[in-house]
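Since the structure comes first, as structure tokens, the remarks are kept for the end.
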Amino acid sequence: MKYQLILRQHAGTGADVTIGTLEFDRAEASRFGVCELAPDGRIVGWEEKPANPRPCPRNPDRCHVSMGIYCFNRELLIQVLLADAEDTASSHDLGKDIIPKLIDKRRVYAYDFVDENQQGPPYWRDIGTIEAYYDANMDLVSVTPVFNLYDAHWPIRTYQRQYPPAKFVFADIGTRMGIALDSIVSMGSIVSGGRVTNCVISPNVRINSYAEVQNCVLFPHVNIGRHVRIRRAIIDRDVHIPEHTEIGFNLEEDRKRYHVTETGIVVVVPEHRMFEEA
């Protein structure tokens, strides 16, 4: 597993800190911490979100960026966090304040991330924006995703609450069908006479009859009422969408009730109490 390899390299190099890095498009690298590496993988330079990122020596169009994965020796981590907390001039940011101070004083190494998936180049997405988060979810439901949740050689280790299997009910062709196409539907979810297309459906979601949900990310415990139409939306957990609601078809109207991004992704959160039925 990848974390075991990072730990193995961390111990083998005698590093104080090991940072997961990736070769990345230099034109987009100004959003990240950019590293300069010695031939042995030691980090000898660091710039946080530079306007002109330093290129890789062998490829001027790429540069080494931090993935936000850090392996610290525990005592050092405690020491630097306490010192940073007392520093009134610090913004208390790991990449901006703490890591640059360690480069010259400590053994800081890079772990070059290589995707185990055989489908293509290393997969990594920064999900610091709603658009990036949405796109990463849509990546998962493509026919041949680079980040393949079903790759037995690259399993994901995480806790999963136990729910019954997903269920699809009603098969009245031409009137009411419970169906999901090009989608991921998690445990405990019921598609009860509704239609789901190109969506990520979290656990314990219910989509009721005649509803149409397209290109959406639904968090756990969402309930989609009858005759609802939704497209290009992220629905937060515990939200109930009342019958006949339309989201994503008239963005001007959506902006009056929800958050709409510049690219037209509608975000619905529980604070919108109009979603709660009396």
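Each value in this text was obtained by applying a stated rule to the coordinates, not by laboratory testing. Computed from a predicted structure; not experimentally measured. Every residue, glycine as well, gets a Cβ built from its backbone with ideal geometry; the counts of neighbours run over all protein chains shown.
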- Vicinal HN-Hα couplings computed from phi for region 165-173 (Karplus, 6.51 cos²θ - 1.76 cosθ + 1.60; Hz; Gly/Pro x): x, 4, 9, 10, 10, 6, 9, 8, 4
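What is the gain in length, in nm to one decimal, between Val146 and Asp172 on full extension, counting 0.36 nm per residue of separation less the C-alpha to C-alpha distance?
Working: separation 26, 0.36 × 26 = 9.36 nm, distance 3.57 nm.
Difference between extended and current length: 5.8 nm.
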- Could you tell me which of rounded, prolate or oblate describes the chain, using a ≥ b ≥ c as the square roots of the eigenvalues of the alpha-carbon gyration tensor, with rounded for a/c under 1.5 and, failing that, prolate when a/b is larger than b/c and oblate otherwise? prolate
- Task: Using only the Cα atoms of region 2-114, build the gyration tensor, take square roots of its eigenvalues as a ≥ b ≥ c, and label the shape rounded, prolate or oblate: rounded if a/c is under 1.5, else prolate if a/b is larger than b/c, else oblate.
- Result: oblate
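At a 10 angstrom cut-off on C-beta neighbours, averaged per residue, how do the peptides 18-28, 176-186 rank from highest to lowest?
Descending packing order for the listed peptides: 18-28, 176-186.
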- Item | Approximate spin-label separation Glu253-Glu131, in nm, with each point projected 7 Å along Cα-to-Cβ | 2.6 nm
- 12 Å beta-carbon shell around Asp135, net charge (K/R +1, D/E -1): -1
- Using only the Cα atoms of region 168-278, build the gyration tensor, take square roots of its eigenvalues as a ≥ b ≥ c, and label the shape rounded, prolate or oblate: rounded if a/c is under 1.5, else prolate if a/b is larger than b/c, else oblate. prolate
- Query: What are the aspartates and glutamates whose alpha-carbon lies under 18 Å from the alpha-carbon of Lys49, with same-chain residues fewer than 8 places away excluded?
  - Reply: Glu23, Asp25, Glu28, Glu36, Asp61, Asp93, Asp97, Asp126
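Grab the Cα-Cα distance for Ser90 and Asp25, subtract it from 0.36 nm times how many residues apart they are, and report the gain in nm with one decimal. Write out the running numbers ahead of the final one.
On the way: separation 65, 0.36 × 65 = 23.40 nm, distance 2.95 nm.
Length difference between fully extended and current span is 20.4 nm.
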- Task: Quick one: check the C-alpha center-to-center distance for region 23-54 versus region 3-19, whole angstrom.
- Result: 20 Å
- How large is ³J(HN,Hα), in whole Hz, for each residue of region 224-229 in order, when computed from phi with the Karplus curve 6.51 cos²θ - 1.76 cosθ + 1.60 and θ = phi - 60°, using x for Gly and Pro? 9, x, 4, 6, 6, 10
- Can you list the residues, at least 5 places off or on another chain, whose amide H is less than 5 Å from the amide H of Gly45, using H built in the peptide plane? Glu36
- Message: Through the Karplus equation 6.51 cos²θ - 1.76 cosθ + 1.60, θ set to phi - 60°, convert the phi angles of region 58-63 into ³J(HN,Hα) values in whole Hz; use x for Gly and Pro.
- Response: 8, 8, x, 8, 10, 8
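May I ask you to derive the relative contact order of the chain, considering only C-alpha pairs under 8 Å and at least 6 residues apart, and to give it as an integer percent?
10 percent
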- On the formula 1/(1 + (r/R0)^6), with r taken between the Cβ atoms of Leu5 and Glu75 and R0 of 30 Å, the FRET efficiency rounded to 0.05 is 0.85
- Using Cα centres only, tell me the gap between region 162-219 and region 71-96 in whole Å. 46 Å
